[in-house]
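Novice: Below is one structure. I have some questions about it.
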Amino acid sequence: MWANGILNSANAIAILFCVLGNVTANVGFKRMVETANFEPTLANAAALVTNPWAWLGGAGSLLLLGSYLYAIRSMPLGVAYPIATSLGTVAVALAGVLIFSESLRPSNIIGIALVVTGVLLISR
């Protein structure tokens, strides 16, 4: 279905890495703010720089950026952006449930289903 269209295998892999980078960045930064002290002092700033969760979040952000740049090289922006951000949103919501024990209300689940439906329509 997608092999001959806009979302060929290389683009699909790039979008997959966008989603992976997005989840990694958000999980890393969430863990960082849970473990770090944000009082504005020089010692706390140094602690943030050495926080492994901050580094994980930064690495995820770089993965997201690099793979997104690759994707928009050969995909229309109006297709790449909504697919990458929508799937990222869904994946981050699921990571919140699986990693942080957050809950999803029925309206959240319906919203996720609508987002996935929208991605399927945009990518055709």
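Novice: Using +1 on the beta carbon of Lys and Arg, -1 on that of Asp and Glu, and nothing else charged, what's the dipole of the chain about the Cα centre, debye to 20?
Specialist: 280 debye
Novice: Tally Lys/Arg at +1 and Asp/Glu at -1 over every other residue whose Cβ is under 12 Å from the Cβ of Gly60; what's the total?
Specialist: Here the count lands on +2.
Novice: Further, regarding this structure: Taking each pair of distinct Cα atoms in the range 69-113 once, what is the resulting Kirkwood hydrodynamic radius in Å?
Specialist: Its Kirkwood hydrodynamic radius stands at 11.8 Å.
Novice: So, one more: Give me Tyr68, Tyr81 sorted ascending by neighbouring Cβ count inside 10 Å, so fewest comes first.
Specialist: Fewest to most other Cβ atoms nearby, the residues stand as Tyr81, Tyr68.
Novice: Also, quick follow-up: By per-residue mean of other Cβ atoms within 10 Å, what is the highest-first order of 20-31, 99-110, 83-94, 48-59?
Specialist: Highest mean packing first, the order is 20-31, 83-94, 48-59, 99-110.
Novice: Could you give the DSSP H helices of the chain that reach 15 angstrom or more along their long axis (alpha carbon positions) and whose average Kyte-Doolittle hydropathy is no lower than -1.0?
Specialist: 9-35, 52-74, 77-100, 106-122
Novice: Decide, for the range 9-122, between rounded, prolate and oblate: order the square roots of the alpha carbon gyration tensor eigenvalues as a ≥ b ≥ c, take rounded if a/c falls under 1.5, and otherwise choose prolate if a/b is larger than b/c, else oblate.
Specialist: Judged from the Cα gyration tensor, the range 9-122 comes out oblate (a/c at least 1.5, b/c at or above a/b).
Rule-based calculations on the coordinates, nothing more; no lab input. These figures come from a predicted structure and were not determined experimentally. Note: ideal-geometry Cβ built from the backbone for every residue, glycine included; neighbour counts use all protein chains shown.
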